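To keep things clear, I will list the structure first and then write my remarks on it.
The values are calculated or read from the model by the stated rules, or taken from the named source; none is laboratory data. Computed from a predicted model, the values in this text were never measured in an experiment. Note that we place each Cβ from the backbone using ideal geometry, even for glycine, and neighbour counts take in every protein chain shown.
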Amino acid sequence: MPNFSFPTPNSPSVIASKRQTILRTLLEMDPGFAKTPVKSIYRATLQKMYDLYDDLFFNGTLHRYYIRMDVTMSSRLLKSAGKFLHYQTGLRARTAEIRMSSDFLFRLGEGPFELNGLRVATPQLAFMIVFEHELCHAIENAFYGNTGHSDRFMYFAYGVFGHTKSTHDLPTRSSETTEKTGITVGSMVSFPYEGRMIAGTVSYLGKTARVMVPSPNGTYYERDNPNHRYMKYQVPISLLTLVN
Ligand SMILES: [Zn+2]
């Protein structure tokens, strides 16, 4: 391991107190972020969160390495709560982005939530723990030029933030739909289309469902079975009926 310019491992009480300092600052500056569920979040709040984390946990290492770090919110990030994006080569390797999913954040009510092996009570803290995970990708990338979920990554995640895992139990769109309707990927469903009901199999659940309906004129087929053809439909969840 290279000689890091910031303390690790941190004791649980040091981590908790620094995290609280950051949380307090963000809640004070952003009334939308302070609501439960979170209603909105300023761009300045995201940048402040990055600045404070770098300052308090990494002694400014991220600011020294990255010429530019954009912290953004995306409503199209559905499968993960956050994402670290970076360029592989050249000067641009020192510009990066942490993209946070508003789709996850803005749906969270009261906790508790379990994230990265920690249990937290509020959606704001859940958001910050997701952000911490992405920061660990940023710091690992700064030192090694790549990042994943290896032991080396966990060394940062555990040492700096006390994370023991890299998974979370936040409800995804698909798990919410399954809870409410019983529909999962693979379920047989029917839905109205041009005045009649048609039936097919759910192949993806997000904000809408993708349903594969058998049809001789379909353009989708399995590689090993080109005789079974399907048409693909994008259907609002509310129109689906589970077929037993
Ligand atoms: Zn990750």
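Can we say PHE104 is over 23 Å from PHE6 (Cα atoms), within 16 Å of the ligand (Cβ to nearest atom) and not in a loop (DSSP other than H, G, I, E, B)? The answer is yes for PHE104.
If you go through segment 189-205 and keep only what is farther than 11 Å from VAL235 by Cβ and crowded, with 16+ Cβ neighbours inside 10 Å, you end up with just THR201. On the given criteria, is PRO171 more than 16 Å from the ligand (Cβ to nearest atom) and either touching a residue at least 60 places away in the same chain (Cβ under 8 Å) or aromatic (Phe, Trp, Tyr) (or both)? Against the criterion (more than 16 Å from the ligand (Cβ to nearest atom) and either touching a residue at least 60 places away in the same chain (Cβ under 8 Å) or aromatic (Phe, Trp, Tyr) (or both)), PRO171 qualifies.
Just checking, does segment 8-28 include any residue being among the polar types (S, T, N, Q) and on the phi > 0 side of the Ramachandran plot? No, that holds for no residue. Of the residues making up segment 107-142, those that are within 16 Å of the ligand (Cβ to nearest atom) and of a type outside the set (D, E, K, R) number 18. Residues in segment 143-156 that are under 18 Å from THR95 (Cα atoms), within 15 Å of the ligand (Cβ to nearest atom) and over 17 Å from the mean Cα position of the chain (by Cα): TYR144, ASN146. Looking across segment 79-101 at every residue that is among the basic types (Lys, Arg) and outside any strand (DSSP E or B), the one that is nearest to the ligand (Cβ to nearest atom) is identified as LYS79.
The condition (being closer than 18 Å to LEU56 by Cα and part of a helix (DSSP H, G or I)) is satisfied by just one residue among PHE143, PHE131: PHE131. If you filter segment 209-230 down to residues that are surrounded by fewer than 17 Cβ atoms within 10 Å (Cβ to Cβ) and within 30 Å of SER101 (Cβ to Cβ), you find that the one that is modelled with the lowest pLDDT is TYR220. Restricted to helices (runs of 4 or more DSSP H) entirely inside segment 1-75, no element has at least 1 residues that are closer than 12 Å to GLN124 by Cα and at pLDDT below 95.
Mind checking whether some residue in segment 179-187 is hydrophobic (A, V, I, L, M, F, W, C) and at pLDDT 90 or above? No, there is no match, as no residue in segment 179-187 is hydrophobic (A, V, I, L, M, F, W, C) and at pLDDT 90 or above. Residues in segment 1-25 that are touching a Leu at 6+ places or on another chain (Cβ under 8 Å) and either among the acidic types (Asp, Glu) or touching a residue at least 60 places away in the same chain (Cβ under 8 Å) (or both) were compared, and the one that is nearest to ALA157 (Cα to Cα) is ARG19.
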